[in-house]
Amino acid sequence: MRVVLTRRAGANDRLAQRLREEGFDVAEAPLIRVEPLPGPPLRVEGYDWLVVTSRAGVAELFRRLAGPLPRVAAIGPGTAEALRERGVEPALVARDSTQEGLARELPSPAGRVLFAGAEGARDVLVRELAADFLPLYRTVPLRPAAFPAGDVVVVASASAARALAEAAPGRACVSIGPVTSRAARERGLRVAAEATTPDVEGLVRAVKLAASRAASSPS
């Protein structure tokens, strides 16, 4: 079974290695790139919580950060890992890796909250917590000249799902979670499996499940 990975360049290495260890053929076709947004040095004193929701958000936060951090909440294990790689232990890692889950798990009242993320991000945290929003980067879709053949495509964000629907309509995909699955289905993609945890091992298990379902379905 051939699996196509679509994360931005340089972000597929660990997943590609694990899939190859499980016997899958792997191809890469990045469908998004991250474009940092300009801005002055970032100071976050005065906030009770800083919320980050992606590895890219963590990278851009630390690129601009000046001064100490308040308590930091991460949307899931991948984001938490990116924080730990920079010496920051998150005070909260959402068990349900969505903005809705993070909003539920933060203390009530949460105090002053800053959500630092992608331009155009969903506004659940802003609405639920009256959080301030700071866009640190934008996600730019890519359109490969020729999308590689494969049995299933891994999409790890709603933006990647939307880009896949443009680049290769109707493809079967493995999704990193419910928000990405919803974006994929809205654009006519077939979700062959959804990761139960939004990390490398969760995606590996989902790819194996998609492979098992494909093998057992009538030809």
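Miscellaneous remarks
- Top-ranked residue of segment 68-94 - restricted to ones that are farther than 22 Å from ARG14 by Cβ and touching a helix residue (DSSP H, G or I) at 6+ places or on another chain (Cβ under 8 Å), ranked as surrounded by the fewest Cβ atoms within 10 Å (Cβ to Cβ): LEU92
- Number of residues in segment 125-171 that are of a type in the set (A, V, I, L, M, F, W, C), in contact (Cβ under 8 Å) with a residue 12 or more places away in the chain, assigned to a loop (DSSP other than H, G, I, E, B) and closer than 24 Å to ARG185 by Cα: the value is 5.
- Among (1) surrounded by fewer than 18 Cβ atoms within 10 Å (Cβ to Cβ); (2) within 16 Å of VAL179 (Cα to Cα) - the single one ASP132 does not satisfy: (2)
- Every residue from segment 17-67 that is open to solvent by 30 Å² or more (accessible area, probe 1.4 Å), under 17 Å from the mean Cα position of the chain (by Cα) and among the hydrophobic types (A, V, I, L, M, F, W, C): VAL34, ALA59
- Of all the numbered requirements in (1) open to solvent by less than 50 Å² (accessible area, probe 1.4 Å); (2) among the aliphatic types (A, V, I, L, M); (3) part of a helix (DSSP H, G or I); (4) in contact with a strand residue (DSSP E or B) (Cβ under 9 Å, 6 or more places away or on another chain), LEU209 misses one, and that requirement is (1).
- Within segment 179-194, considering residues that are in contact with a strand residue (DSSP E or B) (Cβ under 7 Å, 6 or more places away or on another chain) and outside any strand (DSSP E or B), the one surrounded by the fewest Cβ atoms within 10 Å (Cβ to Cβ): ARG185
The values are calculated or read from the model by the stated rules, or taken from the named source; none is laboratory data. It should be emphasised that the depicted structure is a prediction, and the values quoted were computed from it without experimental measurement. Heads up, the Cβs are rebuilt from the backbone with ideal geometry, glycines too, and the neighbour counts pull from every protein chain shown. Ligands, DNA and RNA are excluded from the accessible area calculation, which covers all protein heavy atoms including side chains. Shrake-Rupley method; radii C 1.70, N 1.55, O 1.52, S 1.80 Å.
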